[in-house]
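The values are calculated or read from the model by the stated rules, or taken from the named source; none is laboratory data. Not measured: the values here are computed from a predicted model. Cβ coordinates were reconstructed from backbone atoms using ideal geometry, including for glycine residues, and neighbour counts include every protein chain displayed. With ligands, DNA and RNA removed, areas are computed over all heavy atoms of the protein, side chains included. Shrake-Rupley method; radii C 1.70, N 1.55, O 1.52, S 1.80 Å.
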Amino acid sequence: MASLCQNCGGPLIYDPIKERLFCKMCGTHFDVRDVDVKDRTEYEEQYMDCNIYVCDHCGGEIIVNDTEVSTYCIYCGNPAVVFSRVAKQRRPEFILPFSVSQEQAVKILQMRIKAGFFVPYKIKHFKPESVRGIYIPYWIVNAEHYNASFLSGKVTNDNDNTETMYFERTGKATFKNLLLDASKALNDYTSEKLEPFDLTALQPFNEHYLAGFYSDMNDLTEQEIINAANRRSDDMFRQAVVSEVHARNVRLIDSYPYTEINDDRVYVMLPCWFITMQYNGEPLTVLINGDTGKAVGTFPFDKKRFLSLTILTAAVLSVALSYALYHVIGYLIYFMNSDLASDILQFLVYAFAGISAAVAGVINRLKRFRSTLQLTKSSQTLHYVRRRQG
Amino acid sequence: MVAFIIKLIVAILLGTGAGTIISLAIWSKFLAKSNVLGDSAGGFNEYSDSPIDIIWRRNGVDSDSKNTYFKRFKEEYLIPNGMKPGDYSYLDDEFPDYEDLPEVDIPLFKPKNDAT
């Protein structure tokens with residue numbers, strides 16, 4: 001599997017900056033297309049060799065395609081990985097080569113972390129324990145999606161009262177070039193956040209692009225691919241169908257999705273950097289899109305800083321609002337039964353609605369923060385392996 | 001005097017509640033911006049050229065009609081159009097799991113940390 005230098009026989013590594021293969025021993029660069037590929041049989045066109053390691057901690061499987069030895073689990077950062085077996089892997093049709101180098105990936109992360117006001121000091125001065133470039137397997141499919149959605153919303157009736165109404169909406173949508181992560185070990189919600197990838201830059205698959213990187217393999221059955229397409233299409237349909245109902249506070253209660261995918265699906269490899277670091281004894285894994293440099297991950301926050309700022313702001317606002325409300329209540333009592341009182345009451349109703357919306361916003365944001373943090377913490381990796389694809 | 005105290009207590013309670021919520025709303029937004037990286041995925045508009053083609057709409061239905069509606073969708077729309085949810089019998093067998101693939105005879109290299 002290893003690509004070897006035509007001059008000195010040393011192992012070649014793909015250099016994302018120069019977009020060429022590079023020999024570490026003699027420093028020669030080669031165009032990927034210039035490096036010989038042996039003639040393959042029809043069987044070899046479909047499958048290729050790979051080396052599989054298994055993580056003792058999370059059970060994740062790491063596929064190594066060249067002579068590099070795996071020392072860390074790419075999913076949870078655990079060093080207890082053992083060589084498992086040599087196996088065959090389905091040969092992808094296309095590959096999107098890395099265009100972000102390892103140094104660039106670390107720099108992108110450092111810059112994003114430095115800009116984070118609530119990122120703890122320890123994380124700001126992180127030293128990556130491991131930085132691994134991995135080609136993640138994806139299926140690109142075209143899907144015809146049919147969906148029956150049941151929704152609720154608030155409407156004003158003829159008597160000017162607000163009531164909850166229920167709605168049925170059945171529709172269909174066509175999704176083109178839908179990306180489905182084909183590795184069970186990686187959580188779908190994490191891999192979806194890595195998007196977008198520039199699919200126009202896909203290259204016909206060539207093993208030489210794998211030189212110096214890890215790769216994962218497709219471990220989905222055809223049925224699981226359809227289920228993944230159905231789940232993803234349903235998510236997108238649910239977000240869009242809400243705008244098809246003319247009411248306030250429209251909520252989707254449930255949906256019945258059905259998806260058909262065409263036979264012309266394509267198996268591809270897309271690039272990603274996995275950067276693992278330690279924080280308070282827990283490994284954190286941040287992903288960097290190897291094509292666009294988009295960073296995906298959530299960091300624990302500096303609780304002292306967050307709480308002190310929240311309490312300080314709350315104290316200042318509370319004093320000001322209490323003072324204002326004291327006078328507003330005074331006006332209300334003084335001008336009771338006048339137009340001004342009804343105007344003030346109306347204002348208070350709007351203010352109450354605004355505060356209620358703020359409460360819902362805070363709860364949603366904190367819930368989302370917690371769930372995305374769990375994805376970054378490796379303890380959830382075990383769930384990735386067991387729970388993926390719904 | 002009593003009216004003054006009641007007015008004051010009500011103002012302080014409401015003011016403190018509102019102040020705390022507004023403060024939390026402000027700083028939780030900052031927290032999400034500061035500590036959450038790349039929390040977005042490709043959505044409907046990225047993958048579809050056209051809006052949803054609505055083929056059925058009904059307003060003001062009963063709150064408990066969901067299951068009947070889904071059943072009708074399956075039996076009166078999907079199945080008559082040749083779509084059978086949950087039926088994978090049409091899938092071909094030419095899609096082996098990687099476990100089923102034959103192993104290579106000679107390992108390509110012997111890893112240094114091979115503990116087995």
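Could you sort out which of A:K172/B:K84; A:K127/A:K367; A:K24/A:K127; A:K172/B:K74; A:K122/A:K377 sit more than 19 Å apart by Cα distance in this structure? Walk me through the numbers before you get to the answer.
On the way: A:K172/B:K84 16 Å; A:K127/A:K367 29 Å; A:K24/A:K127 24 Å; A:K172/B:K74 14 Å; A:K122/A:K377 16 Å.
In this structure, A:K127/A:K367; A:K24/A:K127 exceed 19 Å between Cα atoms.
With every protein chain present, what accessible area does B:W56 have (1.4 Å probe, heavy atoms only), rounded to the nearest 10 Å²?
Probe radius 1.4 Å; accessible area of B:W56 about 100 Å².
Return the distance in nm (one decimal) between the two label points of a simple spin-label model at A:Q278 and B:F30, each offset 7 Å from Cα along Cα→Cβ.
Distance between label points: 3.2 nm.
Please compute the average number of Cβ atoms from other chains found within 10 Å of each residue's Cβ in peptide A:284-293. Display every interim value, and only then the final one.
Working: counts 0, 0, 2, 2, 2, 1, 0, 0, 1, 0.
Mean inter-chain Cβ contacts per residue within 10 Å come to 1.
Ranked by accessible surface with a 1.4 Å probe, highest first, in what order do A:K294, B:K84 come? Walk me through the intermediate numbers first.
On the way: A:K294 40, B:K84 115 Å².
So, going from the largest accessible area down, we get B:K84, A:K294.
Sorting A:R368, A:R132 by accessible area (1.4 Å probe), largest first, what list results? Mind dumping the intermediate values first?
Working: A:R368 120, A:R132 35 Å².
Correct descending sequence by accessible area is A:R368, A:R132.
Can you give the average number of partner chain beta-carbon atoms within 10 Å of each beta-carbon in peptide A:345-354, as a whole number?
Working: counts 0, 0, 0, 1, 0, 0, 2, 2, 0, 4.
Mean partner shielding for this stretch: 1.
Could you order A:K184, A:K122 so the one with the most accessible surface comes first? Probe is 1.4 Å. Please report the intermediate quantities before stating the final value.
Details: A:K184 65, A:K122 135 Å².
Most to least solvent-accessible, the answer reads A:K122, A:K184.
How would the range A:101-155 be classified by its alpha-carbon gyration tensor: rounded, prolate or oblate, with rounded meaning a/c under 1.5 and the a/b versus b/c comparison settling the rest? Can you show the working numbers first?
Working: a/c = 4.45, a/b = 1.66, b/c = 2.67.
Because a/c hits 1.5 or more and a/b fails to exceed b/c, the range A:101-155 counts as oblate.
Taking only C-alpha pairs under 8 Å that are 6+ residues apart, what is the relative contact order of the range A:269-389 in percent? List each step's numbers first, then the result.
Values: 73 pairs, mean separation 34.4, N = 121.
It comes to 28 percent, rounded to a whole number.
What is the percent carbon and sulfur in the accessible area of the range A:87-229, measuring with a 1.4 Å probe over the protein chains and ignoring ligands? Display every interim value, and only then the final one.
On the way: 2550 of 5330 Å².
That share works out to 48 percent.
Just checking the output field for B:53-65: average partner chain Cβ neighbours within 10 Å of each residue's Cβ? Walk me through the numbers on the way to the answer.
On the way: counts 6, 7, 6, 5, 7, 5, 11, 6, 6, 1, 6, 1, 3.
Averaged over the peptide's residues, the number is 5.
With contacts defined as alpha carbon pairs under 8 Å and 6 or more residues apart, what's the relative contact order of the range A:94-228 in percent? If you can, show how the numbers build up before the last one.
Working: 147 pairs, mean separation 43.8, N = 135.
Relative contact order, the range A:94-228: 32 percent.
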